[in-house]
Amino acid sequence: MVTKKFTREDIFKLLSFIPDPEIPVVSIKEMGMLRDVILSDEGCEVIITPTYTGCPAMGMIEDDIKRTLSENGVPSVKVKLVYAPAWTTDWMSLEAKDKMRKYGIAPPMSSACTKLTAYGKHEFIKCPHCNSTNTELISMFGSTACKALYKCEHCKEPFEYFKCH
Amino acid sequence: MNKQKAIFNYALRLGDNSLVLGHRLAELCSKGPILEEDLALTNMALDHIGRAQAFLGYAAQVEGKNKTADDLAYKRAERSFYNNLIMELPDKDFAATIARQLLVSSFEYFLYTELMKSKDETIAAISAKAVKEVRYHLAHSSDWTCRLGEGTAVSHEKMQNALNDLWMFTGELFEMNDADAILIKEGIAIDLNSIKQQWLEHVNGVILEATLTLPSSDFMQTGSRKGIHTEYLGHILSEMQYLQRAYPTAQW
Ligand SMILES: [Zn+2]
């Protein structure tokens, strides 16, 4: 039934408008959390992956997916959470990183940071307000699990940095 | 014990460690020494509770009794919990919190790095996710150990005392039982002896950098592999499980 009415691309398109609840200027698709859509006779299964294991937004995202699809007439929607392969900030699109910067959050650097890095000794994080690299880490943990707190020595503004994962 | 039972037992242990430590860290919400620390500790609590949900969810699935992660977290009594004793100890002061974080997050770092290679896909996947988070926890506790160790005479003494107090709970982290033996053969679990040296070297490195001394006592506490706990776990559970006990079918 479903497969006759909607293609996989249709579903992706519908879902591409769902914003990340914590960074509403970016969609869950741009974040790389939307992994797959499987259409079968039983219905539509949407595969998502969490950015962080304890991400409290996952429940909300699941509800948003179900609501969006049912409002558009897609029946029998199931949302499945998978952990493998583990989400990485490298899956974020360049557009997403750009939108994030304009929103005031410094986007993640490339995730080559798999080694144990000494606390505070990090790559130069650019201030999203003035682009200065004269910035300093305040705390590795910010308002949400995915962000760190920085301050800019140039424009004196504090800002958040989306940690690389 | 068959393989299924062993995986259940193993996932339960990983889940319980994350759950109980997550609960302890969450208790520090609004009690951090500075606002940034408050955020850091509660963020780490969230990482642990998220990991607990993943492992307990998997344990429930393997057990096949139609239970959920919540059932396992909220409807078991102390003797059915398999978290290491160090996770349930109360936070006497900030130095105790940091000492536990240092000892545990370095253990978790080496454990989950190895478990990423587990032949059990789910354990490998959750571990891959965990290791990314633990990296930040370890950097955090290593940094604070140095700050307190090299700080004032008082902070140095408190940090040293905290490490001395917790040392006898570290032996248990590396204990194994029947479940480990079965799963090591299958390439699912790791031999904990294989990471003990790395763990010790890392911890010792941080302690030396912090101008502190590695505790030397050999006496080690034991019990959690058999579900035997300190008196503190009961108090944790009475708070954590209160709502589900009082209103058995309550849902969020
Ligand atoms: Zn700036």
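The values are calculated or read from the model by the stated rules, or taken from the named source; none is laboratory data. This structure is a prediction, so every number in the text was calculated from the model and none was measured. Neighbour counts are summed over all protein chains in view; Cβ atoms, including those assigned to glycine, are modelled from backbone coordinates with ideal geometry. All accessible areas refer to the heavy atoms of the entire protein, side chains included, with ligands and DNA or RNA removed. Shrake-Rupley method; radii C 1.70, N 1.55, O 1.52, S 1.80 Å.
Observations, loosely collected:
- On the stretch given as the stretch B:49-108, residues that are hydroxyl-bearing (Ser, Thr, Tyr), within 26 Å of B:LYS3 (Cβ to Cβ) and crowded, with 20+ Cβ neighbours inside 10 Å total 2.
- Against the conditions (1) assigned to a helix (DSSP H, G or I); (2) open to solvent by 30 Å² or more (accessible area, probe 1.4 Å), A:ILE11 satisfies every one except (2).
- Listed here are the helices (runs of 4 or more DSSP H) enclosed by the stretch B:110-185 that have at least 2 residues being at the interface with chain A (Cβ under 10 Å from one of its Cβ atoms): B:121-149.
- Residue match in the stretch A:69-76 (condition: open to solvent by 10 Å² or more (accessible area, probe 1.4 Å), in contact (Cβ under 8 Å) with a residue 12 or more places away in the chain and touching a helix residue (DSSP H, G or I) at 6+ places or on another chain (Cβ under 6 Å)): yes
- In the stretch A:121-165, residue modelled with the lowest pLDDT [restricted to those that are more than 21 Å from B:ALA45 (Cα to Cα) and away from the ligand (no atom under 16 Å from the Cβ)]: A:LYS121
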